[in-house]
2 protein chains.
Amino acid sequence: MTLSMYSASVPVFSRMLKNLLAIFEKAEAYAAEQNIDLQSFVETRLAPDMIPLSGQVQIATDGAKGVSARLAGKPLPSWPDDEKTFAELKQRLQKAIDYLATFSPEDFAGSDDRTVTIKIGGQDTELTGETYLLNRGLPNFYFHVTTAYDILRHKGVPIGKKDYLG
Amino acid sequence: MTLSMYSASVPVFSRMLKNLLAIFEKAEAYAAEQNIDLQSFVETRLAPDMIPLSGQVQIATDGAKGVSARLAGKPLPSWPDDEKTFAELKQRLQKAIDYLATFSPEDFAGSDDRTVTIKIGGQDTELTGETYLLNRGLPNFYFHVTTAYDILRHKGVPIGKKDYLG
């Protein structure tokens, strides 16, 4: 196999979101066992002005959706960020996984050079598809998946790197 | 430009480590301003059995070094994990940035299909270069860079996503 814009994005997003969903299952089992209110996970932040777990999941899934749609030149679905419970966050992860499954490698032909316009610091900025994926899409996605993991780990959920890597 | 094994690895690692080094500079300035002992940053963990900031930097830089050397089929330099101070962690980041600059795109020709053998769960496992980069190298690297950021953010350092993304 040769590395491609598709192989470097859609299956990566899908794999990591499935791993995160499995981590959420472990968090749920742990909360039940320890009599912890799952809602406390949803609202936990690593710093008072950081985004809580709910926002981390919303932004990670938004990233996976947005990068895939923009690179494939497809319309960007709008998902309201209205998840308020742990169960809804799991549904959001599944929704993104299902959406990613609608893309095929052919959708990404030529996307290395496709111009993608995104806001950076409030300014419309044009990037090639490759720069967008490598310098914005992937680091941003990994940021929120890892921070979601870190929040749950910080709350005592017994997970390890193996769960994150799958 | 067409996405390549080189463009998806070396410049990405280099960029993110430079961003992390700039974040470390901000952390240093903040600590001086607030009279915080920098050593407290070095030893902070997000959970009692998680790796502290020092280990996050060691593993992130090890990952960048190891993935690049393995994909290029070059000997793997061994770096002792003996950094104990914030200044030494900054040196470790710079050392990795300098090492990454020794690679050229040509070193990575054909590395998509090169067999890479790594230990997974204690077992020698053979992966193609592409699978190694996408499913292990990049997610692992981003995990430790993000967790280093999260630790400093948790300690109150005034940084944001812009610092992480560069």
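The values are calculated or read from the model by the stated rules, or taken from the named source; none is laboratory data. Computed from a prediction, not measured in an experiment: that's the story for all the values here. Neighbour counts run over all protein chains shown; Cβ positions are idealised from the backbone, glycine included. Heavy atoms of the whole protein, side chains included, go into the accessibility calculation; ligands, DNA and RNA do not. Shrake-Rupley method; radii C 1.70, N 1.55, O 1.52, S 1.80 Å.
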Worksheet entry | Rounded to whole Hz, the Karplus (6.51, -1.76, 1.60) HN-Hα couplings of the stretch B:35-43, x for glycine and proline | 6, 9, 6, 4, 4, 5, 5, 4, 9
Worksheet item: Put a point 7 Å out from Cα along the line to Cβ at B:Pro80; what are the distances to that point in the other copies, in nm, shortest first?
Response: 6.0
Worksheet item: Using a simple spin-label model with points 7 Å from Cα along the Cα→Cβ vector, what separation in nm is obtained for B:Lys84 and B:Lys18?
Response: 3.3
Worksheet entry | Qualifying trypsin sites (Lys or Arg not before Pro) for the stretch A:53-141 [loop in DSSP, other Cβ within 10 Å: at most 14] | A:Lys84
Discussion item. Quick check for you: with a 1.4 Å probe and neighbouring chains kept, what is the accessible area per residue of the protein assembly as shown, in Å²?
Written reply: 42
Worksheet item: Are there residues in the stretch B:1-24 whose accessible area shrinks by at least 40 Å² when all protein chains are included rather than the chain by itself, and which are they (probe 1.4 Å, ligands and nucleic acids not counted)?
Response: B:Met1, B:Leu3, B:Arg15
Worksheet, complete the sentence: Taking r as the C-beta separation of A:Gln91 and A:Ala29 and R0 as 25 Å, the FRET efficiency to the nearest 0.05 is 0.90
Worksheet entry | Label distances, nm, A:Glu28 versus same residue in remaining copies, Cβ-directed 7 Å point | 4.7
Item to complete: Find every distance from the label point of A:Thr102 to the corresponding label point in the other copies (7 Å from Cα along Cα→Cβ) and write them in nm, one decimal, shortest first.
Response: 4.8
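Per-residue mean of other chain beta-carbon atoms within 10 angstrom of the beta-carbon, peptide B:121-128?
Working: counts 1, 0, 0, 0, 0, 0, 0, 2.
Averaged over the peptide's residues, the number is 0.
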Discussion item. Below 8 Å between Cα atoms, with a sequence gap of 6+, how large is the relative contact order for chain A in percent?
Written reply: 37
Worksheet, complete the sentence: Check: C-alpha center the stretch A:96-166 vs C-alpha center the stretch B:21-50, spacing in Å is 27
Practice prompt. Just tell me which lysines come within less than 29 Å, Cα to Cα, of A:Lys84; anything on the same chain fewer than 8 places away is out.
Written response: A:Lys18, A:Lys26, A:Lys65, A:Lys74, A:Lys95, A:Lys119, A:Lys155, A:Lys161, A:Lys162, B:Lys155, B:Lys161, B:Lys162
Fill in: chain B - mean residue ellipticity at 222 nm from DSSP helices (-39,500 (n - 2.57) per run, n ≥ 4, rounded to 500)
-17000 deg cm²/dmol
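What's the extension gain from B:Ile120 to B:Lys74 if we count 0.36 nm per residue and subtract their Cα-Cα distance?
Values: separation 46, 0.36 × 46 = 16.56 nm, distance 2.10 nm.
14.5 nm is the gain from fully extending B:Ile120 to B:Lys74.
Carbon and sulfur: what percent of the stretch B:58-166's accessible surface (1.4 Å probe)?
Exposed carbon and sulfur together represent 50 percent of the surface.
Buried accessible area for the A:B pair, summed, 1.4 Å probe, in Å² rounded to 100? Numbers along the way, then the final one.
Details: alone 8690 and 8680 Å², together 13990 Å².
Summed over both sides, the interface buries about 3400 Å².
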Practice prompt. Go through the stretch A:1-90 and name the chymotrypsin sites (Phe, Trp or Tyr not before Pro) that are in a DSSP coil and have 11 or fewer other Cβ atoms within 10 Å of their Cβ.
Written response: none
Worksheet item: Which net charge results when you count Lys and Arg as +1 and Asp and Glu as -1 among the other residues whose beta-carbon is under 15 Å from that of A:Gln91?
Response: -2
Practice prompt. Using only atoms on other chains, find how many Cβ atoms lie within 10 Å of each Cβ of peptide A:134-145 and report the average.
Written response: 5
